[in-house]
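S.K.: Mind having a look at this structure? Questions to follow.
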Amino acid sequence: MSLIDERPVAATPAPAAMALVAPQIPAYAPLLAAVLATGLAALAGLLLGWSLVAVVLTAWALLVVGLPAWSAAIEGERRAKDRLVTTVVWSTFALAMVPLASLVWEVVANGHAVISAEFLTYDMRGVLGAGGGIYHALMGTLVITALATAISVPIGVLAAIYLIEYGKGNRLARTITFLVDVMTGIPSIVAGLFAFAVFTLIFGPGVRLGIGGAVALSVLMIPIVVRATEEMLKLVPEELREAAYALGVPKWRTIVKVVLPTALGGIVTGVTLAIARVAGETAPLLIIVGTTTTLNLNPFDGRMATLPVFIFSSVTTGGKYDAEQTARAWGAALVLVAIVMTLNLLARAVGRAFSPRTGR
Amino acid sequence: MATSIDISDLNIYYGDFLAVEGVDMTIRARSVTAFIGPSGCGKSTFLRSLNRMHEVIPGARVEGKVVVDGQSLYDPSIDPVAVRRQIGMVFQRPNPFPTMSIYDNVLAGNRLNAKRMKKSEADDIVERSLRGANLWTEVKDRLGKPGMGLSGGQQQRLCIARAIAVEPQVLLMDEPCSALDPISTAAIEDLIHELKSDYTIVIVTHNMQQAARVSDDTGFFNLKAAGQPGHLVEFNATSKVFSNPDDPSTEAYISGRFG
């Protein structure tokens, strides 16, 4: 057998030009497939008398099978897989949006009727049936949340500064990180009991104070603030600290003037999200702050009303004026959701405003 | 105002790991001293030990003596912050402060140290430093813009302006041109030549031609073997190192016959 390949060289087919063109289904294909799947499912549902849930599930199943199948027939296996995963990801996103959208819808639909100037500016003193408002609960929530923020932001930010700038993985820092992780998991009712126990030790049994609620809420807030600040400080490049040190700037001043401003956007966002998180807490406030029907702006003197507790007690009291109370509860819920959403939007805006600029 | 630096028997550690061993040299005042050598041989580590930036890294420590102006830098009575005010540093990668404008970046060393000054005085320092760094004409119309908006070469010159704005006695440069194009590099080399009349300059570089162009003295660092500490092989006038070095390994490295 000869070692030399004797087949004529010219007979081997010249390699085709690089195959960069591949068949594609049109850009509107996913939309078309979704419409077709919905249409088919709706038709079947009408003919067979299915419920809405069954129709939606069928439409989804048709889309998940149909679009990748269409893609596989024309575009090949790799694109078909991509279509399948894309469809699944979009479906889970839509699924996640369902409770949020339905919650906002419910609250707005049930709550908007009762919102009025009177509702926002009157308290519930002497009101049994119609009328009255949530001014006392609104102010209570604002006062207690502001106090909780005033307590937890300094503690949380300073703790995070210690962990990142000074502790750097030593035993104390590791212990604090562990305890912060544990604190993140504390049920809010336990935070309420903690505050209640502390203030009972100081003021005797049966104590009800707004400041106690603020303490309970800050127990919930501090770990969130520490975590958010820690992550943001970790993102500040070591080079910036070294640049400041090399200019002869002391460490504390480097932290105050270079590290914190660079991380400020993220820290503010984290703090605002923490506020939004605790503004709706009910259980701890129920225990340590209680509720009342009149306006009380002094957190160091007796019971205060707050929106979550107001909602809770309005719905659970029952009795002759149940309908009016439920309507007010929905109104209060709408106001609370609006506050939390405003805070979230504010957090985004503030985060953007403070973030370092690269502008060319 | 420039001073010389005397280094004797300096050992530099990261924790228990000896990174640089037994360095002896004298860095002359008002001259440019270049350090060359392969990666990982401890040039930057040694440079950072000259203004006590080395100890910023956890576990890092130094044995031996670095004497500046008759004072031993590693004496317990020395304040590292005061040392760094006198011995400035420019890093390999440009690192302007992202929250500050060009103007504030130049003044960062003064402002961050809470030095109070009049507007005219501040304007003066900014213009002088930016002119010194060859950047004034390029940025004079946009001093209020963020420092991060400049190109890489401009950012590096901004960092140099920031370093000379505090008027240090010594300027340490850790591969200041490694991320720059030839034109920016040329600008910075010109700058080094100009700064030489006022400052003592120490520069680490991987670019042999650059060392030959800008420096008066050259130190060659090398590793004995992988995992062994780096050490100073030869320290001589640049003209001698590049034409007739004492050590054969220096010649091998410079002529590219290394390893």
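S.K.: Would you look at the GNM of chain A, springs on alpha carbons closer than 10 Å, and say which of A:Met221, A:Met97, A:Met183 moves the most?
M.R.: A:Met97
S.K.: Restricting to bridges with both residues inside the stretch B:5-254, how much of the DSSP beta-bridge set is antiparallel, in percent to the nearest 5? Write out the running numbers ahead of the final one.
M.R.: Working: 25 of 44 bridges.
Here the share of antiparallel DSSP bridges comes out near 55 percent.
S.K.: Right, something else. Can you check how the C-alpha radius of gyration of the stretch B:190-246 compares to 2.2 N^0.38 Å, as a plain ratio?
M.R.: Numbers: Rg = 13.0 Å, N = 57, 2.2 N^0.38 = 10.2 Å.
Cα-based Rg divided by the globular estimate yields 1.27.
S.K.: Largest first and in whole Å, give the semi-axes of the stretch B:216-259's equivalent ellipsoid, each being the square root of 5 times a Cα gyration tensor eigenvalue.
M.R.: On the way: eigenvalues 71, 29, 9 Å².
Whole-Å semi-axes of the equivalent ellipsoid: 19, 12, 7.
S.K.: What is chain B's relative contact order, in percent, from Cα pairs under 8 angstrom and six or more apart in sequence?
M.R.: Numbers: 506 pairs, mean separation 70.6, N = 259.
With pairs under 8 Å counted, the relative contact order is 27 percent.
S.K.: I would also like to ask the following. What pairs in B:Lys43/B:Lys115; A:Lys251/B:Lys140; B:Lys119/B:Lys145; A:Lys251/B:Lys119; B:Lys118/B:Lys140 have C-alpha atoms more than 22 Å from each other?
M.R.: Working: B:Lys43/B:Lys115 33 Å; A:Lys251/B:Lys140 31 Å; B:Lys119/B:Lys145 18 Å; A:Lys251/B:Lys119 26 Å; B:Lys118/B:Lys140 19 Å.
Beyond 22 Å: B:Lys43/B:Lys115; A:Lys251/B:Lys140; A:Lys251/B:Lys119.
S.K.: Moving to a separate point now. Take peptide B:159-170, look around each residue's Cβ out to 10 angstrom, count Cβ atoms belonging to other protein chains, and average those counts. Can you show the working numbers first?
M.R.: Values: counts 2, 0, 0, 3, 3, 0, 1, 4, 0, 3, 0, 0.
Shielding by partners across B:159-170 averages 1.
S.K.: Over all residues in B:78-85, what is the mean tally of Cβ atoms on other chains that come within 10 Å of each residue's Cβ? Could you put the intermediate results ahead of the total?
M.R.: Numbers: counts 0, 2, 4, 7, 2, 1, 7, 4.
Across B:78-85, the average partner-chain Cβ count within 10 Å equals 3.
S.K.: Given the DSSP H assignment, sum -39500 (n - 2.57) over each helix run of at least 4 residues in the protein assembly as shown and divide by its residue total; what's the result at 222 nm in deg cm²/dmol, nearest 500?
M.R.: -18000 deg cm²/dmol
S.K.: Using Cα pairs under 8 angstrom and six or more residues apart, how large is the relative contact order of chain A, in percent? The partial results should precede the final answer.
M.R.: Details: 437 pairs, mean separation 68.3, N = 360.
After rounding, I find 19 percent.
S.K.: Next up: Could you tell me the calculated FRET efficiency between B:Ala82 and A:Glu239, based on Cβ-Cβ distance and R0 = 22 angstrom, to the nearest 0.05? Please list the in-between numbers first.
M.R.: Working: r = 22 Å, r/R0 = 1.02.
FRET efficiency, B:Ala82 to A:Glu239: 0.50.
S.K.: Still on this structure, please answer the following. Could you state, as a whole-number percent, how many of the C-alpha pairs of chain A are farther apart than 35 Å? Before the final figure, lay out each step's value.
M.R.: Numbers: 33514 of 64620 pairs.
Taking all Cα-Cα pairs of chain A, the fraction more than 35 Å apart is 52 percent.
S.K.: Could you work out which residue, out of A:Pro187, A:Pro261, A:Pro68, moves most in a Gaussian network model of chain A, that is, has the largest mean-square fluctuation with Cα springs under 10 Å?
M.R.: Its mean-square fluctuation being the largest, the pick is A:Pro68.
S.K.: A further question on this structure: Hull surface divided by four, with the convex hull built on the Cα atoms of the stretch B:5-254: how many nm²?
M.R.: Working: hull surface 54.8 nm².
Mean projected area for the stretch B:5-254: 13.7 nm², to one decimal.
S.K.: Further question: Report the semi-axes of the equivalent ellipsoid for the stretch B:9-97 in whole Å, largest first, where each axis is √(5λ) for an eigenvalue λ of the Cα gyration tensor.
M.R.: Values: eigenvalues 63, 60, 50 Å².
Whole-Å semi-axes of the equivalent ellipsoid: 18, 17, 16.
S.K.: Turning to a different aspect of this structure: Nearest 10 degrees is fine. How inclined is helix B:182-195 to the longest principal axis of chain B, computing both from alpha carbons?
M.R.: That works out to roughly 90 degrees.
S.K.: Moving to a separate point now. Roughly how many whole Å is it from the C-alpha centroid of the stretch A:147-174 to that of the stretch A:16-40?
M.R.: 53
S.K.: Under the classification rounded if a/c is under 1.5, otherwise prolate if a/b is larger than b/c and oblate if not, where does the stretch A:60-155 fall, given a ≥ b ≥ c as square roots of the Cα gyration tensor eigenvalues? Mind showing how you got there, number by number?
M.R.: Numbers: a/c = 7.15, a/b = 2.43, b/c = 2.94.
Cα axes put the stretch A:60-155 in the oblate bin.
S.K.: Would you mind pulling out the separation of the Cα centroids of the stretch A:178-240 and the stretch B:149-201, in Å?
M.R.: Using only Cα atoms, the two centres lie 49 Å from each other.
S.K.: Determine the shielding of peptide A:254-263 by partner chains: average, over its residues, the number of Cβ atoms on other chains within 10 angstrom of each Cβ. Before the final figure, lay out each step's value.
M.R.: Values: counts 1, 0, 1, 8, 6, 0, 1, 4, 4, 1.
Mean partner shielding for this stretch: 3.
S.K.: What's the angle, to the nearest 10 degrees (0 to 90), between helix A:52-74's Cα axis and the longest principal axis of chain A?
M.R.: 30
S.K.: Further, regarding this structure: Just report the Cα centroid separation between the stretch B:26-98 and the stretch B:106-145, whole Å.
M.R.: 25
S.K.: Ok, one more. So for each of A:162-171, B:123-132 I average, over its residues, the number of other beta carbons within 10 Å; can you give me the resulting order with the highest mean first? Please report the intermediate quantities before stating the final value.
M.R.: On the way: A:162-171: 14.5, B:123-132: 18.2.
Taking the mean over residues of other Cβ atoms within 10 Å, the ranking is B:123-132, A:162-171.
S.K.: Can you give me the three principal axis dimensions of the protein assembly as shown from its C-alpha atoms, in Å, biggest first?
M.R.: The Cα atoms of the protein assembly as shown stretch 105, 92, 50 Å along the principal axes, largest first.
Values in this text are rule-based calculations from the coordinates and carry no lab data. What you see is a predicted model, and the numbers here were worked out from it, not measured in a lab. When we count neighbours, we look across all protein chains shown, and the Cβ atoms used for this are built from the backbone with ideal geometry, even at glycine.
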